[in-house]
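What follows is calculated from the coordinates using simple rules that are stated; it is not laboratory data. Remember, predicted model here, so these are calculated numbers, not experimental data. With ideal geometry, Cβ positions are generated from the backbone for all residues, glycine too; neighbour counts draw on all protein chains shown.
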Amino acid sequence: MKICVTVKQVPDPNLPMQVDPATHRLVRNPDQSILDPADEYGVETALRLVEEHGGEVVVVSMGPPSAADALRRAMAMGADRAILITDEALAGSDARATARALAAVIRGEQPDLVICAIEATDAYTGMVPGMLAELLDLPQLTFARQVAVEGQTVTVHRDIEGATQVLRAQLPALLTVTASIAEPRYPSFKGVMAAKRKPIDERDLASLGLEAGAVGAAGAAERVVALEEVREEKQGQMVTDDGTGSSVEAIVAFLERIQVV
Amino acid sequence: MTKDDAMLTGRYRIASAAAVVLGIALILLSELGGVHEVRVFGAGLISLGGIGLGVLAGLDQPRRAEWLAWVRDRRVALGMIAALVSVAPVVVAFAAALVVLPAAMGEGRSGMALLGGLIALLMLMASVGCFVLAVRAIRRAARPVTPGSPAEAGEEAA
Amino acid sequence: MATRRVWVWTELTDGAPQRPALELLTAARGLGEAAAVLLAPAGDEAIAALGAHGAAVVYHGDDAIYTQYAVEPQVAALAALIEAEAPDLLLFPSTFTARDVLARLAGRLGAGVIANATSVRFEGDRLLATVPYTGAYVATVTLEGPAPYLVQVRPKAYPVEPVGGQAEVRPVATALDPAACRVQVVETVPQVAEGPNLEEAEVIVAGGRGLGKAENFRLLEELARQLGGAVGASRAVVDAGWVPYSYQIGQTGKTVKPNLYIACGISGAIQHLAGMKGSKHVIAINQDPDAAIFEIADLGVVGDVLTIVPKLTERLAGR
Amino acid sequence: MIPTREILWNITALGPILLYTLMAIPFVFLAYGLARRVRMWRQGQPENRFDQLGRRLWHAILMTVLHGRIVRRRNRFGGLMHLAIFVGFVTLFIGTVIVMIEADITVPIFGVSFYRGDFYLVYKAVMNLAGLLLIGGSLAALYRRYVRRPATLETTGDDVVILAFLVVLGVQGFAVQALRMAVTDDPWGPWSFVSYPMALTLSALPESWLRAIHVANWYIHFLTNFVFLSYVAYSKMIHPFTSFANVLFRRLKPVGALDPIENIEEAEVFGAGKLEDFTWAQLLNVDACMHCGRCLEYCPTFSTGKPLRPRDVVLELAGYMADRGGIFSGELGQGENSARYRWGAGPDRALIPDVVSPAELWDCTTCGACMAQCPVYIEHVPLIVGMRRHLVLEQGEFPEEVTSVFTNLERLGSPYQFPPNQRAAWTKRLDQPVPEMAEVAARGEEVEILFWVGCLGSFDSRNQRTTVALARILQAAGIKFAILGKEESCTGDPARRIGNEYLAQMMAMQAVETLNTYNVKKVVTACPHCFNAIKNEFPQIGGNYEVIHHSQLINQLIAEGRITLDPNSALARGAVTYHDPCYLGRYNGEYDAPREALAALPGLELREMRRNRNTSFCCGGGGGRLFMEETRGTRINQARVREAIDTGAELLAAACPFCMTMFEDGIHGVGAEESFKVLDIAEIVAGSMITPNGADGAKEHGAAESEGAAPESAERPE
């Protein structure tokens, strides 16, 4: 079984994020960028499936050359191979442009399964997997918290509003996986060293047969018009209860403000 | 081990064995021929040769030794016999002392003789006690070990 | 200029339109002529409800196939409908199925999408949407290229406003090949009322030693039920045997990242913080004004948990 | 008449012939067994333990012959018992050699006899005393094993057989002497004060009988000796050799420093997954264990019912090694020796998890109590960390909770998920600013000392109070200091002790680079783990600094009068007990400074816990345990808190942020938060300082310290 996992290098979500005011893009400092934690679940899922059924795990990413680090991390976890789509013309891609580039590579790989995170930790639109499924003409099974493959059938358990659901489809198919699917492994040092020796297949636009106008900022439909920094810093508001539950109103007001009620 | 090493080891082994044989000859000479000056050299050669043989065998590749297996298979019985043999003469000596204690007390110095009897009694008890404990321990050690895993043992502890 | 035609993709729960769809109808009315797209077998009440909330038109497809998890038939039908009717804007809520349909539809149409919008408006012909970005920024974004534009809107961004209209029903009769639905639903089991598990809960109510005794944990369970959340605990409470280890949040327990974390009687040792620091919003209730938990709380309440929590539960139940 | 006796009395020429000829046998056995062991040890990795031979030799004599660690106040019975057996055995052995020298060398070769006169008389008395010591000591040992039965002691068949041997050998000796004197009626008999009364009693027997029994005893005595000597190398009686060798070749580097994996990027083996991955000295270590059980006495895991027992880990390895080395079987791969050990099942087992289970390995807090107690200097912690390294680096296996610790260290430089730019957040609580090294360097200035805050001191609000208190003390004393702020990162201590050597080295190298960039000379820290790493492990990678622990600095400042304490401090009143952090006390020998600092406050009455100083009982947080759930046995931190409460103190003085975290948890765990509290030494001193303004420090800063205390809805402090 061949599994393609899409991964992304994102700025460490624990560090303050910065946006370039001129380009309206996230400042991506390679030193502070990591393999998207959300993607680790997909890599882990793929590794477990391959451990069970045999096969190959190929991680695919689009990004600057420094995104190779994220791919190495995935390979240190155990992925066999990595493909990095990197081209200056790709900068500024939106979901649509990203999906096109990824689809171009994955189409060539002919995998049995494509596994994606539900959404990336930096942009969290969650649109790429669905677009990718359409572009690759694959059935999509989303929000999986449990996956099983039997023969040519993939079965997925998912939690949706108020219910749990079991979905089934024939391979090839595309999955998106949630954080409860499996605890991602921490790569052993052996894995890290092995990953250093594994090749990263770099692809540029020309090799993918994509037009520069279809991807990158030029191919993006979504455009940022304005960016405003919100000082929605944590208020750290303190209320002292008078002993009769007087603070309840303040709590309710807070709940309303954050739209929980 | 290289070929040279093997040759060297072979030579050491011959030398050690020769030392033991020569040592034994010197001892016989010393005791039977009354040449007591050579006794210490005989003893020295036997010791050195013995050590040499032991070290060479110890550093060598382990190999199956039939007689060792024979000993091992009979180790409980051998242990029992050894225990009995080592204790028997002292038991006889101290038991005899206790038997003749009344007679010894009759010869004057009765206090000292009584003390001697007491010491003999204690020594006898210690010997017999140790004999019993050793026999028990030898039998217990021969029992097969119950296999188990460290983790199981840990749960037991917890 | 013709009136803009704004469609709202609609889902039903128990035969009634879901609340997010009704919110989007409010948004759609403000932008032009509102229509609802309802691809599901539905009764008259559902259609009427959509009309009552401002849908001038309801595009209704009632093929039985839609009762399934029918993303592909939906996309096929929507694509055909869009080609035929050429709407200006489609609004989608943020539900699981809406997201699946929207993304796939965008792929089919080769269109861009704005996700997570908190407001949508037009400036001339230009669509503008507000999207929170990385937590520290709010971006105003647009979509380039020809209509229709696809936008996914966050829940509760717009209020539900009944206006008492009546919708015209236009049947959607796209020919659908049952084989086009490649994903089958094997079973759907309604979730038991226990609420979500800790790792996935959007709201967590967690208790510490400040609760005094094991029985008081019940108060947290009631509040959690009211908020649709889960109950967690600090290590001290688990150590004391009040609740099982599966409740433990912290360095040596579970790591959680809910939208809202309500810490009740928890002092906030680093071992606990390590497990819940990723929470988006934190409310802390504690008697001790020096408690470390207040340092990471968005709202700190100095007071008695045993008084405040039941009051809060009662107050929320009354809404 | 000159006192002497006939040597080989009543023995024909056959006696010496047999005696000397058969001597080859015990020598072969002994040499074979010893050589087998040496061969086994040599399967280990190379390591230089042949440096400083003089020091090594003296220390080995001190610790073995002179019983340096064997006789201790806390192990008096066992220690004195051992000493008695040792002195008795060695004296008797030397005595035998003396007789041999007389009979075989000086008389036959040189015609000189010295075995006479006063020497002979004293000899007789000494030998009788030695015999008594040997028998008495051995009987005491049996009494200890069968009657006293300390929990830390387990008795094997081997133990009993050896003790029985020793008793019987002693008794045989007395019997031979008594029988001889009963016949010869030795006029100097009373000098042999044990044998003499028996000789008197025995003399009532006919001489022929006495002679016959004497001969039998004489032959059996030397044969028993030969059997015993032959048995030595295959039993724990090998210990005079292995113990001596083990102490001789012990690790001389600081006990707090773990040896790094050299050149890790090029290494092929990480940690110990097979026996051969240990160094030869470690294999010797394993073989030197005599299962005395002292390592268990202060072991936190043994005391709280966890699977890990350091003694058993060592014994399991020893049994496994014996199986694999084939001492008895003569063939590699026969499992005869496993019988000595509890879980013996042959040599086909994997080191981990069959011989040593991961549960055992993860239980260890690396507190070092086992190593401090071991009379023969076995180093358990490096063995355990070696196997942890294998699990982490090769297998990627470790408790789930640790994953976040590793990823946080990798990405954020701290085991907890806090960004580096929040490291200096605590400084806002001080009236005076605390400069960061980068600013100081930019101004071209220098500081006296760098305050290494540490991760817990930086991010954990409880330990931030200690940090703030220490900074206030430094400011009050007028010390020019700076912090690294966002440039500080973990020293690698937790990662290293969990076994992630690669990550630990990266962390340490980064820290050393930062410190060297600013040309730091002197470092103070409130964290004994940072202290130990900077002091003992950073020199491994080119970081050499003078490092002092905050308790030492505080004590010094008090002694020099640079800070003034209020004798009526409200904070420092009543009974207090001090907990020795493992990484400050046992690992770095500092027991006094914190106690002296507390003694400077007259309102405090220091009460010692039962386990203190080098027998201090771990808080449970070391070795990465702070970050792992304690799933087995009872809680270590609660055991220690109860012990502290049992002293009658209401205040526990801590000197380590790990301990602080464990104790805060432990106090809640035992439900003592109303009546008992824990404060760092720095908090106690800072809270009792008279500041230059003349105000009582505790009152003035008490409020400022209680962060977030602002009553009505106020902005957060930072």
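Values for this structure:
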{"read-out": "222 nm mean residue ellipticity, helices alone, for chain D (DSSP H n ≥ 4; -39,500 (n - 2.57); rounded to 500)", "value": "-14500 deg cm²/dmol"}
{"read-out": "Percentage relative contact order, region B:3-63, counting C-alpha pairs under 8 Å, at least six apart", "value": "39"}
{"read-out": "Segment residue C:84-residue C:314, length gained on full extension (0.36 nm per residue, minus Cα span)", "value": "77.6 nm"}
{"read-out": "R0 of 41 Å, Cβ-Cβ distance residue D:400-residue D:517: FRET efficiency to nearest 0.05", "value": "0.65"}
{"read-out": "Positive-pole candidate from D:280, B:76, B:91, dipole of the protein assembly as shown, charges at beta carbon", "value": "B:91"}
{"read-out": "Value of relative contact order over chain D, rounded to a whole percent, pairs C-alpha under 8 Å and six or more apart", "value": "11"}
{"read-out": "Estimated FRET transfer efficiency when R0 is 30 angstrom, pair residue D:72-residue D:540 (beta carbons, to 0.05)", "value": "0.40"}
{"read-out": "Degrees separating the helix C:305-317 axis from the principal Cα axis of chain C, which is the longest one", "value": "20"}
{"read-out": "Helix C:217-227 axis, angle to chain C major axis (alpha carbon atoms, nearest 10°)", "value": "20"}
{"read-out": "Violating pairs (Cα-Cα greater than 26 angstrom) within the set D:253/D:306; D:306/D:535; A:2/A:198", "value": "D:253/D:306; D:306/D:535"}
{"read-out": "Over region D:403-705, relative contact order from alpha-carbon pairs under 8 Å, at least 6 apart, %", "value": "18"}
{"read-out": "Cβ-isolated cysteines (cut-off 4.7 Å), chain D", "value": "D:289, D:292, D:299, D:364, D:374, D:455, D:490"}
{"read-out": "Whole-Å distance, taken between Cα centres, linking region C:1-73 and region B:75-93", "value": "101"}
{"read-out": "Mean residue ellipticity (222 nm) of chain C, computed from DSSP H runs ≥ 4 via -39,500 (n - 2.57), nearest 500", "value": "-8000 deg cm²/dmol"}
{"read-out": "Across C:277/D:677; C:254/C:277; D:428/D:486; C:257/C:280; A:190/D:274, pairs whose alpha-carbon gap is larger than 19 Å", "value": "C:277/D:677"}
{"read-out": "Trypsin sites (Lys or Arg not before Pro) within region A:164-233: DSSP coil, no more than 15 neighbouring Cβ in 10 Å", "value": "A:231"}
{"read-out": "Where labels lie 7 Å past Cα in the beta-carbon direction, separation of residue A:27 and residue D:97 in nm", "value": "7.8"}
{"read-out": "Positive-pole candidate from D:183, D:682, D:310, dipole of the protein assembly as shown, charges at beta carbon", "value": "D:183"}
{"read-out": "Distance between modelled label sites at residue B:88 and residue D:269, nm, 7 Å Cα→Cβ extension", "value": "5.1"}
{"read-out": "Candidates per GluC sites (Glu not before Pro) in region D:544-627, loop by DSSP, up to 16 other Cβ within 10 Å", "value": "D:560, D:608"}
{"read-out": "Approximate spin-label separation residue D:45-residue C:16, in nm, with each point projected 7 Å along Cα-to-Cβ", "value": "6.9"}
{"read-out": "Estimated translational D of region C:198-317 in µm²/s (Stokes, Kirkwood radius over Cα pairs; 10 °C; 1.306 mPa s)", "value": "117"}
{"read-out": "Residue exposure sequence - D:411, D:180 - by fewest surrounding Cβ within 10 Å", "value": "D:411, D:180"}
{"read-out": "Rg to Rh, two decimals, where the protein assembly as shown supplies the alpha carbon set and Rh follows Kirkwood", "value": "1.09"}
{"read-out": "Between 0 and 90°, nearest 10: helix D:310-325 axis offset from chain D longest Cα axis", "value": "50"}
{"read-out": "Likely footprinting exposure, A:33, D:489, fewest C-beta neighbours within 10 Å first", "value": "D:489, A:33"}
{"read-out": "Theoretical FRET efficiency, 1/(1+(r/R0)^6), r = Cβ-Cβ of residue C:218 and residue B:132, R0 51 Å, to 0.05", "value": "0.20"}
{"read-out": "Residues of type lysines that residue C:311 reaches as a straight line, Cα spacing below 21 Å, ignoring anything fewer than 8 places off in the same chain", "value": "C:213"}
{"read-out": "Positive-end residue, chain D charge dipole about Cα centroid, Cβ charges, pick of D:387, D:511, D:368", "value": "D:368"}
